[in-house]
1. So if we plug the beta-carbon distance of Thr168 and Arg75 into 1/(1 + (r/R0)^6) with R0 = 35 Å, what FRET efficiency do we get, rounded to 0.05?
2. Take Asp146, Asp25, Asp187 and order them by how many other Cβ atoms sit within 10 Å, fewest up front.
3. Restricted to Cα positions, what overall size does region 138-262 have along the principal axes? Three whole-Å values, descending.
4. If neighbour count is taken as other Cβ atoms inside 10 Å, put Ile72, Ile136, Ile190, Ile260 in order from fewest to most.
5. Computed on alpha carbon atoms, what radius of gyration and Dmax characterise region 168-239, expressed in Å?
6. Could you tell me how far the Cα centroid of region 165-193 sits from the Cα centroid of region 229-255, in Å?
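What follows is calculated from the coordinates using simple rules that are stated; it is not laboratory data. A quick note: this is a predicted structure, and the numbers were derived from the prediction, not measured. When we count neighbours, we look across all protein chains shown, and the Cβ atoms used for this are built from the backbone with ideal geometry, even at glycine.
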Amino acid sequence: MAPRSRSETLLVTTVQSGVAARHPDELIVEEPMTVQLDGTVVSTTMRTPGHDYELAAGFCHTEGLLAGFPVIGVRYCADGPAAGTEFNVVTVETGGRAPAPRARLGNTTSSCGLCGNDAIDELCARLVPLPAAPAIPLSVLQAVPDAVRQVQGLFHSTGAVHAAAAFTPEGEVLFTREDVGRHNAVDKVIGRLLLDGALPATGLGLFVSGRASFELVQKAWAAGFGTLVAVSAPTALAVHTARRAGLVLAGFVRADRLNIYAPERLLVEPGPVA
């Protein structure tokens, strides 16, 4: 199967200093993708095509739909040719061992992945606090955004996507995923780890290029990440959730500074962090 196009070039008009000019501009593609679990529809999300299997598997894992049962297959569509649905329906298969899924009450947009769930507490009730793990050095956390930025190809060409990445305690970026939806990018990272048999992600860190919402903290928690690094701010609920999880949450991360929101108090030596 040929790779799906993730961007499209269109003619646009740019006005600069009162002068208008027409030129081609590369824009990110956004299409709906329906996720099925054992043939039952569980969600439709607006996403950037690419790594669709990872997205579907990661979504099912972070939503708790798998209930611990292994994924035995992922494929486009479930009851016909993939081309018939324009490669926009993906089925995750457990051989019917996962509990019958309950569909979301509404569709998922590219900006909000939690819309339609009945209650936040229901998402966290199935999770237990993360096991204690050696802390990732603050200097490593500060270096991650620049390291990820170097491999954000879609962002460099379109300026319209978020990124998520898994990284080691030594600061090695294992892989990066980009998507028009920040929650999709995170699910793609988690889906890759799931399909590789590398969950829980104990000891690894998760980077996100935008804000740290409750949902992203919940997804990091569900995948077993001990650290979440964001370049923007967290929400208050995200901080409360990270503290409940025992997850290190860092925001406004830059090469020369960062804020630690969870745990409630991080003991560091006085003086420069780096």
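1. So the FRET efficiency works out to roughly 0.65.
2. Asp146, Asp25, Asp187
3. Extents along the principal axes: 38, 35, 27 Å.
4. The order, fewest Cβ neighbours first, is Ile72, Ile260, Ile136, Ile190.
5. 11.4, 33
6. Their Cα centres are 16 Å away from one another.
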